[in-house]
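I have placed the structure first, in the form of structure tokens, so that the comments after it can refer back to it.
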Amino acid sequence: MEIFLGSLNDISLLWLLSTITLLLVIVVVSYCLRQVPKNKKLENLPPGPPHLPIIGNLHQLGKLPHVSLYKLSQKYGPVMHLKLGQVPALVVSSPEMAKEVLNVQDTKCCNRPDSYGMRKLSYNRKDISFSPYGDYWREMRKLCVIELFTVKRVRSFQHVRDREIAKFVNSLSKEALDPKSEFIPLDTKIYSLAKNITCEVAFGTNFERENFRETEIRKTLLDAVTVMSGFWAADFFPYYGWIIDILTGFRQKLQKCYIEFDKFYETVIQEHLEPCRPRLEHEDITDVLIALSNDETGPLHLSKDNIKAVFMVIHLKL
């Protein structure tokens, strides 16, 4: 038995060493291939600090990137070029340059950087927050302005807001009068208020229903925000970063969040498609999106993934 366990340990160690060696070989080969001279015009790049092989200027960002970037801009000017891993980046740090980027050249600079985590949770950028600027984004924006968030529709849910606010105030009053209550967790209660209003308006229900497993969904939300805001190696090292993300467990965590969200959204859609479902006085956002998906004459045909991508944006705002 001891010999067998020893063999297993040797195999595990050998596998780990082989994986690390393979990763290093891929990194070195990829870097060398990228350094091969190509027939292209010399790029006229803005000034910037010299960068290291492979990691670029990542080592210069530190724990407070905004402070580090400010210090670098004092040396290299209001328009600065950096390499974040293998990805080129432009840093502007003056009001004049910010206006040029965000106002004058906004259509060329308005796209969010592509990220694996964001792309996965937005169903391949089918939402409005992360989709690239273009015809699809314009149609989605028009849909939100004309169909989803009109003044008439916002007013139609006044009864939901009134009911949930009344419940919120009653809950505070009861806890304030309770002699055993030492303090009132306002952050939790305000979150619950916003969550119940948003989910009833969007999904026609709230998390207080047992089959929606409030605790699990809230944990999944927190996990998704943590994963999306974390360091994704694939975003900075496109050719081999995905290997690092697998080894760190980031991809597995993201996939788990995606499956949980997708299951919840599928449940919401199927409930709204039930012919025996009791009809509410006012349509919720899910009803509107399903109706638009069935309209073949509209400029934008919504698939189920499009609807789920809109759900994801609403969900991540909670």
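In whole percent, what relative contact order does the range 118-277 give with Cα contacts below 8 Å and a gap of six or more residues?
The normalised contact order for the range 118-277 reaches 14 percent.
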*Taking the convex hull of the alpha carbon atoms in the range 234-318, what volume per residue do you get, in Å³?*
146 Å³
*Mind checking the alpha-carbon convex hull of the range 88-176 and giving the volume per residue in Å³?*
221 Å³
_Skipping prolines and chain starts, which residues have an amide H placed within reach, meaning under 5 Å, of the one on residue 300, given they are 5 or more residues away or on another chain?_
none
_Sparse-neighbourhood loop sites, trypsin sites (Lys or Arg not before Pro) in the range 238-318 - DSSP loop, at most 15 other Cβ within 10 angstrom_ = 279, 317
*If each Cα of the range 54-208 is one equal point scatterer, what is log10 of I(q)/I(0) from the Debye formula at q = 0.09, 0.15, 0.17 Å⁻¹?*
-0.59, -1.00, -1.06
_Amide H within-cut-off set for residue 84, under 5 Å, with H built and near neighbours excluded_ = 57, 89
*Highest first, please rank the peptides 219-226, 127-134, 173-180 by the mean number of other Cβ atoms sitting within 10 Å of their residues.*
127-134, 219-226, 173-180
_Bins of 5 Å from zero: percent of alpha-carbon pairs in the range 178-300_ = 2, 8, 13, 15, 14, 13, 12, 12, 7, 3, 1, 1, 0
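Just so you know, all these numbers are worked out from the coordinates, no wet-lab data involved. Everything quoted here is computed from the prediction, not taken from an experiment. Neighbour counts run over all protein chains shown; Cβ positions are idealised from the backbone, glycine included.
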